1. When Rg is the radius of gyration of the Cα atoms in the chain and Rh is its Kirkwood radius, what does Rg/Rh come to?
2. With an 8 Å cut-off on Cα pairs and a minimum separation of 6 or more residues, tell me the relative contact order of the chain in percent.
3. Could you work out the equivalent-ellipsoid semi-axes for the range 7-122, taking the square root of 5 times each eigenvalue of the Cα gyration tensor, largest first, in whole Å?
4. For the pairs 28/82; 62/84; 28/101; 142/181; 28/62, flag any whose C-alpha to C-alpha distance is greater than 25 Å.
5. Among 95, 128, 22, what is the fewest-to-most ranking by other Cβ atoms within 10 Å?
6. Against the longest principal axis of the chain, how steep is helix 142-152, in degrees 0 to 90 to the nearest 10, with axes from Cα atoms?
7. If you line up the long axis of helix 74-83 against the longest principal axis of the chain, both from Cα atoms, how many degrees apart are they, to the nearest 10?
8. Determine, for 75, 163, the number of other Cβ atoms within 10 Å of each Cβ, and report the residues in order from fewest to most.
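Nothing in this text is a laboratory measurement; each read-out follows from the coordinates by a stated rule. Quantities reported herein were computed from a predicted structural model and do not represent experimental measurements. Cβ placement follows ideal geometry from the backbone for every residue including glycine, while neighbour counts extend to all protein chains displayed.
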Amino acid sequence: MSDLRTLPDGIFQHTYVVQKSRFLAYAKRVNDVQEAQAFLKSVALPDATHHCYAYVTLNTQKSSDNGEPAGTAGIPILQAIKQKNLTNVAVAVERYFGGIKLGTGGLARAYGQAASDVLEQVPPVCLRECVVLEFSSTYDQKVVVNKLITEYGKVLKVDYTDIVLWRVAVPVLNHNLLMHKLLELYHGQVNVMTQEEHCWVEFLDD
């Protein structure tokens, strides 16, 4: 997998109310199961009637109804994550019972809606499997180099000394293309140092 659609950094919250019951939804990007479990534990409210959740990582998915009728909470939350094509995301929904029973259908709709709403409020990002490169250019080459990097990758850092020092992230699929373009620009005289391989870098979602 070279692209992964997920949430930006941060914890996102949304409250959904139906028939006097409050559903507090929390969402976060997580890197693995351990991060998912730690996040879900951190947002579990001790006075909530139910603490239901779901998460999807690269290798695992899990959901919990936490005492609600089977299939009325965890699965709708999980479906909300999948419908938005998100990975490495955990969502918890805390329910405060308002005194009116919603029925199994009403519960499933409420949990699914709460999860969908919290995910809807934040634009997703794309994590791409990248190679991080460092190289230099002259000031005369700066505009062309910047255009190439913008087309094939992402600028991470630029230092200006007597030359321009670039630190860039290039998606694995674009690595050879960028190297070819740089060699053309530098007439074969370019010293590119690989700093990291197969790391995940955030891009705006296409």
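1. Details: Rg = 22.5 Å, Rh = 19.2 Å.
Here the Rg-to-Rh quotient is 1.17.
2. 23 percent
3. On the way: eigenvalues 92, 36, 34 Å².
Working from the Cα gyration tensor, I get semi-axes of 21, 13, 13 Å.
4. Numbers: 28/82 14 Å; 62/84 17 Å; 28/101 29 Å; 142/181 14 Å; 28/62 15 Å.
28/101, as the Cα separations exceed 25 Å there.
5. Working: 95 25, 128 22, 22 17.
Final ranking by Cβ density, sparse to dense: 22, 128, 95.
6. 40 degrees
7. For helix 74-83, the angle is close to 30 degrees.
8. Details: 75 18, 163 13.
Going from least to most buried by this count: 163, 75.
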